[in-house]
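Chemist: Pasting a structure below so you can have a look.
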Amino acid sequence: MTAPDAFDQIAGGYDGRFTQSAIGRRMRRAVWRRCDALFPPGARLLEINCGTGEDAVHLGARGVRVLATDASAAMLAIAREKARTAGVAGAVQFEQLRIEDVGPSLGTFDGVLSNFGGLNCVADLGSVAAGLASVLRRGGLALLCVMGPWVPWEWAWFALRGDPARAVRRLRRGGTPWRGLVIHYPSIAAVRRAFRPSFRVRRVGALCVLCPPPFADGWASRHPRLVDTLDRVERTVETAWPFPWLADHYVIELERTPA
């Protein structure tokens, strides 16, 4: 199975399982805080692995000009309908494109966005970094939200449920099989190395290090006040060591440097 096939299969239920979930809403709100700080109205943005278009619609509504790409035709169909319904179709364009195929033919952009683990589906981050460097102007910013390898929440959650294999799945050499794909969990240091020398890291923030990750959404829905408190605290300490290194996702912000 290819990546487009795998994501075509889950496209119809993705928003119900994640986008509209208690944890999914909090995670996206945290990423949008950073997007809004980095990408001003009028900026031209390339979004890779855009999924069902939530981020593209949000940015388009703010006046950011977005080229939103994804390998999955089914995800893009949902995204296009969202943009049309939201009235931002003029600001957001969609194109079916694999992450690995990003290159200069797309033009030049002020920013790049990859949200919620799209880069975890890629085996060679170095080639992706080269592709993104070829389309991002000097001084342009890339915001990448990546699933990390060391997640105490996951270790404890699945170990207590008698599933030690799932508890340590991110630590397997060579990645973890999922729907015919292999999912990789690069560390912050690995991403930094892959994107050097064309990028420098400006900021790294934690996402779901105190707040429970998406697999605990049922528990989170039953304890909304506690999760709100954890979320507020997490936002104040999100860049402090060691939180980004132990989070379910980390949000790494990179600046395009001169070659």
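Chemist: In contact with an Asp or Glu (Cβ under 6 Å, 6 or more places away or on another chain) and assigned to a helix (DSSP H, G or I), is that true of Ala30?
Modeler: Details: in contact with an Asp or Glu (Cβ under 6 Å, 6 or more places away or on another chain): no; assigned to a helix (DSSP H, G or I): yes.
It is false that Ala30 is in contact with an Asp or Glu (Cβ under 6 Å, 6 or more places away or on another chain) and assigned to a helix (DSSP H, G or I).
Chemist: What pairs come out if I take residues in the stretch 159-185 that are closer than 16 Å to Asp248 by Cβ and in a loop (DSSP other than H, G, I, E, B) and pair them with residues that are at pLDDT 95 or above and β-branched (Val, Ile, Thr) whose C-beta lies under 9 Å away, six or more apart or interchain?
Modeler: Pairs that qualify, where the first residue is closer than 16 Å to Asp248 by Cβ and in a loop (DSSP other than H, G, I, E, B) and the partner is at pLDDT 95 or above and β-branched (Val, Ile, Thr), are His184/Val122; His184/Thr176; Tyr185/Val146; Tyr185/Val151; Tyr185/Thr176.
Chemist: On to the next question. On the given criteria, is Val209 without any contact (Cβ under 8 Å) to a residue 60 or more places away in the chain, surrounded by fewer than 17 Cβ atoms within 10 Å (Cβ to Cβ), in contact with a helix residue (DSSP H, G or I) (Cβ under 9 Å, 6 or more places away or on another chain) and not polar (S, T, N, Q)? Break it down into steps so the answer makes sense when it comes.
Modeler: Details: without any contact (Cβ under 8 Å) to a residue 60 or more places away in the chain: yes; surrounded by fewer than 17 Cβ atoms within 10 Å (Cβ to Cβ): no; in contact with a helix residue (DSSP H, G or I) (Cβ under 9 Å, 6 or more places away or on another chain): yes; not polar (S, T, N, Q): yes.
For Val209, the condition - without any contact (Cβ under 8 Å) to a residue 60 or more places away in the chain, surrounded by fewer than 17 Cβ atoms within 10 Å (Cβ to Cβ), in contact with a helix residue (DSSP H, G or I) (Cβ under 9 Å, 6 or more places away or on another chain) and not polar (S, T, N, Q) - is not met.
Chemist: Among the candidates Ala165, Ala190, Ala194, single out the residue that is out of contact with any strand residue (DSSP E or B) (no Cβ under 7 Å at 6 or more places or on another chain), among the aliphatic types (A, V, I, L, M) and over 27 Å from Asp55 (Cβ atoms).
Modeler: Going through Ala165, Ala190, Ala194 in turn, the sole match is Ala165.
Chemist: For residues that are free of Cβ contacts under 8 Å to residues at least 60 places away in the same chain and among the aliphatic types (A, V, I, L, M), scanning just the stretch 11-57, find the one that is surrounded by the fewest Cβ atoms within 10 Å (Cβ to Cβ).
Modeler: In this case the residue turns out to be Ala37.
Chemist: Working only within the stretch 105-156, note down all residues that are farther than 17 Å from Ala3 by Cα and of a type in the set (D, E, K, R).
Modeler: Scanning the stretch 105-156 gives Asp110, Arg137, Arg138, Glu154.
Chemist: Another question about this same structure. Under the condition of being buried (at least 16 other Cβ atoms within 10 Å of the Cβ) and basic (Lys, Arg), which residue from the stretch 82-113 is nearest to Val201 (Cα to Cα)?
Modeler: Keep residues of the stretch 82-113 that are buried (at least 16 other Cβ atoms within 10 Å of the Cβ), which gives 82-83, 86, 88-89, 91-92, 94, 97-100, 102, 106, 109-113.
Checking the rest, the ones that are also basic (Lys, Arg) come to 82, 98.
Working: Lys82: 33, Arg98: 24 Å.
Filtering the stretch 82-113 for residues that are buried (at least 16 other Cβ atoms within 10 Å of the Cβ) and basic (Lys, Arg), the one nearest to Val201 (Cα to Cα) comes out as Arg98.
The values are calculated or read from the model by the stated rules, or taken from the named source; none is laboratory data. Values in this document were obtained by computation on a predicted structure and should not be read as measured data. Here the Cβ is made from the backbone with ideal geometry for all residues, glycine too, and neighbour counts use every protein chain on show.
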